[in-house]
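J.: Got a structure here, written out as structure tokens. Questions coming.
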Amino acid sequence: MSRDFLTIALPKGKLLTDSLEVLIKAGIECSEVSEESRKLLFPLGDAEAQIIICRPTDIPTYVEHGAADIGFVGKDTLLEENKDVAEVLDLKFGYCRFVVAMPEESVPARLPDGRYDLSVLNHQRVATKFPRVAEEFFRQQGMQIVPIKLHGNIELAPRVNLAEMIVDIVSTGTTLRQNHLVEVAPILEATTRLIANRVAYRMKYRRINELAEKLRGIVAAKE
């Protein structure tokens, strides 16, 4: 195995198709990689690379510990997992937003500038898959919250009095509306990022940077 051999971690689920598409455009032949396969590791032969398929939340861990040299991961996961990796490039796909949302019947009053008055939510319960992101957002507002970590069906929590509000990612807001929830504050926008193991980024800089530059050109062409 050559020194420039790359192990690339890609996420299962909705980001995989876009990830494979940009890699193919960048000259890495990976058309046989499929989530439908039971395989989790795909050698790429002449490309001097292999792809591993991981749960999105695990990709920063694989990259931090060097099991993968680089990975594609949503900024939302990157912030929540808080691993020691190098963020190389914003790939500009997989767009979503972090928001605070509450039942429509209990939203706070609005301030003169039109924003909701979040101060009344101090020390309240927040159901979320992203407790680190939620706590940091409210800390920046000078507030504390009680995070309740859930792994799914976040929108249910306020309806059954598990929490007063939620912090979650949304793309269209349809799920919020269907569950009679109202966005009361934006937190941040998130897209897919190319990340690298810090040691690999030094030792394999030529190969990683060459790929990153090709990906940068593909991203720029779409804008």
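J.: Within the group Leu10, Leu91, Leu15, which residue is open to solvent by less than 40 Å² (accessible area, probe 1.4 Å), among the aliphatic types (A, V, I, L, M) and at pLDDT below 95?
T.: Among Leu10, Leu91, Leu15, only Leu15 is open to solvent by less than 40 Å² (accessible area, probe 1.4 Å), among the aliphatic types (A, V, I, L, M) and at pLDDT below 95.
J.: Collect the residues in segment 131-184 that are without any contact (Cβ under 8 Å) to a residue 24 or more places away in the chain, among the aliphatic types (A, V, I, L, M) and in contact with a His (Cβ under 8 Å, 6 or more places away or on another chain), keeping them in residue-number order.
T.: Val146, the sole residue that qualifies.
J.: May I ask you to list the residues in segment 73-88 that are among the acidic types (Asp, Glu), open to solvent by 40 Å² or more (accessible area, probe 1.4 Å) and assigned to a helix (DSSP H, G or I)?
T.: Scanning segment 73-88 gives a single hit, Glu81.
J.: While we're here: Just one of Ile70, Ile59 is in contact with a Gly (Cβ under 7 Å, 6 or more places away or on another chain) and either open to solvent by less than 30 Å² (accessible area, probe 1.4 Å) or within 15 Å of Ile195 (Cα to Cα) (or both); which is it?
T.: Ile59
J.: Can you go through Glu21, Glu29 and tell me which one is surrounded by fewer than 20 Cβ atoms within 10 Å (Cβ to Cβ) and in contact with a Leu (Cβ under 7 Å, 6 or more places away or on another chain)?
T.: From the options Glu21, Glu29, the qualifying one is Glu29.
J.: Could you look through segment 138-156, keep only residues that are touching a helix residue (DSSP H, G or I) at 6+ places or on another chain (Cβ under 9 Å) and open to solvent by 100 Å² or more (accessible area, probe 1.4 Å), and pick out the one that is farthest from His123 (Cα to Cα)?
T.: Out of the qualifying residues, it is Lys149.
J.: If you don't mind, there's one more thing I want to ask. Which residues, counting only those in segment 78-118, are touching a Pro at 6+ places or on another chain (Cβ under 7 Å), of a type outside the set (Lys, Arg) and free of Cβ contacts under 8 Å to residues at least 60 places away in the same chain?
T.: Passing the criteria: Glu81, Asp117.
J.: (1) in contact with a Lys or Arg (Cβ under 8 Å, 6 or more places away or on another chain); (2) in contact (Cβ under 8 Å) with a residue 40 or more places away in the chain; (3) open to solvent by 30 Å² or more (accessible area, probe 1.4 Å): which one isn't true of Gln124, the others all being true?
T.: Evaluating Gln124 over (1) in contact with a Lys or Arg (Cβ under 8 Å, 6 or more places away or on another chain); (2) in contact (Cβ under 8 Å) with a residue 40 or more places away in the chain; (3) open to solvent by 30 Å² or more (accessible area, probe 1.4 Å) leaves (1) as the failure.
J.: As an exercise: evaluate Ala26 against (1) in contact with a strand residue (DSSP E or B) (Cβ under 6 Å, 6 or more places away or on another chain); (2) aliphatic (A, V, I, L, M); (3) closer than 16 Å to Thr192 by Cβ and give the number of the one condition it does not meet.
T.: The one condition Ala26 does not meet is (1).
J.: For Gly114, work out the one condition from (1) open to solvent by less than 40 Å² (accessible area, probe 1.4 Å); (2) not in a loop (DSSP other than H, G, I, E, B) it doesn't fulfil.
T.: So the condition that Gly114 fails would be (2).
J.: Next question. Taking helices (runs of 4 or more DSSP H) that fall entirely within segment 144-223, which contain at least 2 residues that are within 30 Å of Ala68 (Cα to Cα)?
T.: Helices (runs of 4 or more DSSP H) meeting the threshold: 198-203, 205-222.
J.: Checking Glu105 against (1) in a strand (DSSP E or B); (2) surrounded by fewer than 18 Cβ atoms within 10 Å (Cβ to Cβ): exactly one of these is not met. Which one?
T.: Status for Glu105: all satisfied but (1).
The values are calculated or read from the model by the stated rules, or taken from the named source; none is laboratory data. Keep in mind it's a predicted model, so treat the numbers as computed, not measured. Cβ: placed from backbone, ideal geometry, glycine included. Neighbour counts: every protein chain shown. Heavy atoms of the whole protein, side chains included, go into the accessibility calculation; ligands, DNA and RNA do not. Shrake-Rupley method; radii C 1.70, N 1.55, O 1.52, S 1.80 Å.
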